[in-house]
Amino acid sequence: MLEGDDGKYLGHLWLSERDNPRHGTRTLQVTTLGIVRDGRGKNYGRLLMTKPSRSQGAGHRGDRPGSGGNNRRARDLFRDLGYETIRRTMHKRLRAQ
């Protein structure tokens, strides 16, 4: 969790640890990254995202952010931090018959 100097909530990062079957190692997956509306554009997301990389020395191969296809800000942040797109998922809502 990220708090300002006054203790006010600014944002959070939620990580999940998973086994990566492709490499046989542990991987951190970014489950949720949230920044308060007034805090957007102030590099708080970048600050939170730099912390998981420090865990690589603890036996983790890397971190894997996931972002919704319509979340351009998140995709731009992840790309700027050096992450690559490895999978895209599409879905369609079906109407009940």
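Could you list, in sequence order, all residues of region 18-50 that are farther than 16 Å from residue 74 by Cα and surrounded by 11 or more Cβ atoms within 10 Å (Cβ to Cβ)?
Passing the criteria: 18, 20, 25, 26, 27, 28.
Going residue by residue through region 47-60, is there one that turns out to be assigned to a strand (DSSP E or B), under 15 Å from residue 83 (Cβ atoms), under 9 Å from the mean Cα position of the chain (by Cα) and at pLDDT below 90?
Among the residues of region 47-60, not one is assigned to a strand (DSSP E or B), under 15 Å from residue 83 (Cβ atoms), under 9 Å from the mean Cα position of the chain (by Cα) and at pLDDT below 90, which makes the answer no.
Could you list, in sequence order, all residues of region 1-12 that are open to solvent by 30 Å² or more (accessible area, probe 1.4 Å) and either at pLDDT below 90 or in contact with a His (Cβ under 9 Å, 6 or more places away or on another chain) (or both)?
1, the sole residue that qualifies.
Could you pull out the residue among 77, 33, 94 that is more than 19 Å from residue 2 (Cα to Cα), of a type in the set (A, V, I, L, M) and modelled with pLDDT of 75 or more? So that I can check it myself, show each step before the final result.
Details: 77 fails: more than 19 Å from residue 2 (Cα to Cα); 33 fails: more than 19 Å from residue 2 (Cα to Cα).
Going through 77, 33, 94 in turn, the sole match is 94.
Step by step: first the residues of region 61-74, then only those that are modelled with pLDDT under 80 and under 18 Å from residue 11 (Cβ atoms), then the one that is most open to solvent (accessible area, probe 1.4 Å). Which residue is that? Step through it out loud before you land on a result.
Taking region 61-74 first, the residues modelled with pLDDT under 80 are 61-71.
Restricting the remaining residues to those that are under 18 Å from residue 11 (Cβ atoms) gives 63, 65-68, 71.
Values: 63: 20, 65: 34, 66: 45, 67: 48, 68: 40, 71: 69 Å².
Here the residue is 71.
The values are calculated or read from the model by the stated rules, or taken from the named source; none is laboratory data. What you see is a predicted model, and the numbers here were worked out from it, not measured in a lab. Here the Cβ is made from the backbone with ideal geometry for all residues, glycine too, and neighbour counts use every protein chain on show. The accessibility values were calculated without ligands, DNA or RNA, using every heavy atom of the protein model including side chains. Shrake-Rupley method; radii C 1.70, N 1.55, O 1.52, S 1.80 Å.
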